[in-house]
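Here the structure comes first, spelled out in structure tokens, and everything after it is commentary.
The values are calculated or read from the model by the stated rules, or taken from the named source; none is laboratory data. The structure displayed is predicted, hence computed values, not measured ones. Neighbour counts are summed over all protein chains in view; Cβ atoms, including those assigned to glycine, are modelled from backbone coordinates with ideal geometry. These area figures cover heavy atoms from the full protein model, side chains too; ligands, DNA and RNA do not enter into them. Shrake-Rupley method; radii C 1.70, N 1.55, O 1.52, S 1.80 Å.
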Amino acid sequence: MGALDVTVESLVRTRQMVLVTGKGGTGKTLVSAALARLGARLGRRAFCAEISSDPEATSRVADAFGVKLTGEVPREVAPNLRVGLVTPSMGHRRFLEDVLPVRLLADAAMRSGALKRFLAAAPAFAEMGVLYGLMELANRRGPDGRRENELLVVDLPATGHALALAQVPDALFKLVPTGPVGEAVKEGLLLLRDPARTASVVVTLLEPLPVSESLELVQGVLKHGIPVNGIIANRVVLGGLNAEQLRAGRAALDGLPPLLGARLFGQLERSRQMLDRLGREFTQPLALLEELPDRGAALVESAAGLLGKASFRTPAAGGTP
Amino acid sequence: MSHGQLEAVLARSRVVVCCGAGGVGKTTTSAALALAAARSGRRVLVLTIDPAKRLAQAMGIPENAAQPTPLTAELQRAAGITTGSLDAWMLNPRVVFDALVNRLSPSREATERILRNRIYKALCDQVAGMQEYTAAEALYEFSTSGRYDLIVLDTPPSRNALDFLEAPRKISRFLDEKVVSLFMPSGEPSRFSLMRKAGALIGNVFEKVFGDQFFRDLQDFTGAFSGMFAVMRRHSEEVRALLSSEQATFLLVTSPEQAALEEARYFRGKLAELGLPFGGFVLNRTWVRAEGLSHPSEHRPAADAPEALRDAWATLETFAEQELVLGKRDAALLAELQSELAVGRGFALAVPHLGEAVADVPGLSRLAHALAPGIVPAA
């Protein structure tokens, strides 16, 4: 399958937007931060966006870089790399500024409270605000006419909510087919569904539940016409044991009382099984990011380094990629 | 001692809310806590949002049930539940809201009008957001029904769980009659001319932004819903009061991962800010409690054993050392959490890693025992 191999690096080098999704606890935030860092190292002006319903939230992406960031104003965390929250209200404000003929009216509308509350409380519109905020970040141009953010990496919320974002264009489009919302949503759809501009990756652990949920997530994202370029398995520990050694160890363990080390041994067995399963059940190629001993900002640097060398490969069923 | 405090929480609370980052085992912990409380003789409902499919299957909860489903008699017996009972329900926003509309709307015609409205349908079909509203409404329904002694609520992953905490207040704000009246069909005059003017401005903005078809739908929606707003607001206020009272306990579930721990601490601050009762930390999937396990070096295969086995054993021995190191790390994390508790306020306890993901009733039973060893299952 060598011809189909795609490097992780080529995604962050060529795409305008890279969406990162996955079940909670799989390390989406680390992978997002590392992908953005990789893009910045390649010389692109990168922005790592984190979705939050709370404009006062503390950024977890910034935390990963060892930087404290609270609120909606983005911050540079490394050369060529900014981190920021994308909130519904931010998107709504931009949207109103863009569609209303007079700036004053947009201000009045946001200040009036009623519209703001309606937009915040009606779920589809909260997601629409997020989508608009992302589009704006992806398209915004500086005074020199160049794009301000050449690479936008989006750390999407946990599984169910990531799907909600994917379905928003369709849901809103049914609801509001005409007028500026319809237009904005159409444009958002074009960006999300354009494989030349947008890529998405699903982060998983080599454990049964995350793998099952990733399968659902991939299907859900594809259903909405958004390309899924690959799966990134995070915190991979495959150990040095081959299938025969694993079998011999298991047979002996089963005949003994519980031993220290047996739980880690079981984890290793499950990792192997999950790799097989990813090969069998997914058509998307897989990249591995091994468990790293680092902490804090050093962890992002190491992960960016490893991802820079990683390829998405189609795992052969019954073997390791 | 911490386990005793958790057992007391399970014995006395009417609502236990489990919060935490994604992937720390909240759903499983919620189910195991519910099981433990049911063992002690209470009638328990576990309300879960987005449970792992295998867990739902193991507990026998269908995905789109209109009502909570009791665990089968066989499973209850296997779990050691005799005088108590355990029901489970996977929240479905559509079901909860349709029931609400049916209960509250003044006439059959009004009901139909709401259920057919495009905005209503779109709201119910949204995955995000609606679960939080629904959780609050379901909590109201079941806490007032008298059917259960205890409701264990499994919240969505952390940041969204905050939405859940805010949902009642958000609903109150959204349903504020003054706001709603702005969207009312123009046939219903507002008492204040200022409100009328504001309404005209909003209408103007809405038509420009959303197109007039949507605005008509919205007016229709708010018109049809108007009679129900006061009731819904009252429900949300009562839920809020219940959650702030001594009858509720919030448990923060975390794994030993740095990010999950930070999330749990952040959450604790948020609970204090919102005036919600913090019960304790549950440090999940830890490597503590190595006692009782023998070291693989005591069972080392003979020198003439097959090479594959000897290689496997060498790896197992390094794993044993790693588990000891991880156990020390987790014990230190637990001590740190305990030291952060105010004197006499709350607990922190560690639950051992149970190997495979807990995905059946025997697995939940083991976890329930690890959480509340003082609650002994009926023989």
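Close amide-amide hydrogen proximity is noted between B:Ala348 and B:Phe281, each under 5 Å apart and 5 or more residues distant or on a separate chain (H modeled in the peptide plane; Pro and chain starts excluded).
Protein-only accessible surface at a 1.4 angstrom probe places the residues B:Ser244, B:Ser339 in the order B:Ser339, B:Ser244, largest first. Largest first, the residues A:Lys28, A:Lys23, A:Lys223 sort by 1.4 Å accessible area into A:Lys223, A:Lys23, A:Lys28. Given R0 = 45 Å, the distance between the Cβ atoms of B:Ser145 and B:Arg329 translates into a calculated FRET efficiency of 0.50. The largest accessible area among B:Tyr140, B:Tyr266, B:Tyr120 belongs to the first residue in B:Tyr266, B:Tyr140, B:Tyr120, and the rest follow in falling order (1.4 Å probe, all chains). Phi angles across segment B:278-288 convert, under the Karplus curve 6.51 cos²θ - 1.76 cosθ + 1.60 with θ = phi - 60°, into 3J(HN,Hα) values of 7, x, x, 9, 10, 8, 8, 6, 9, 9, 6 Hz, Gly and Pro given as x.
A full extension of the chain between B:Ala8 and B:Ala303 corresponds to an added length of 100.9 nm, given 0.36 nm per residue minus the alpha carbon distance.
A simple count of charges around B:Ala372, restricted to other residues whose Cβ falls under 9 Å of its Cβ and scoring Lys, Arg +1 and Asp, Glu -1, yields 0.
As a calculated quantity, the FRET efficiency between B:Glu63 and A:Gln219 at R0 = 22 Å, using C-beta atoms, amounts to about 0.90. Applying 1/(1 + (r/R0)^6) with R0 = 35 Å to the Cβ-Cβ distance of B:Ala73 and A:Thr70, what FRET efficiency is obtained, to the nearest 0.05? After rounding to 0.05, the efficiency reads 0.10. Multiplying the residue separation of B:Ser244 and B:Ala342 by 0.36 nm and subtracting their alpha-carbon distance yields 33.4 nm. Straight-distance candidates among the aspartates and glutamates for linking to A:Lys28, with alpha-carbon spacing under 12 Å and chain neighbours fewer than 8 residues away dropped: A:Glu50, A:Asp155. For segment A:219-233, the Karplus equation 6.51 cos²θ - 1.76 cosθ + 1.60, evaluated at θ = phi - 60°, returns couplings of 5, x, 5, 4, 4, 8, x, 9, x, 10, 8, x, 10, 10, 8 Hz by residue, with Gly and Pro reported as x.
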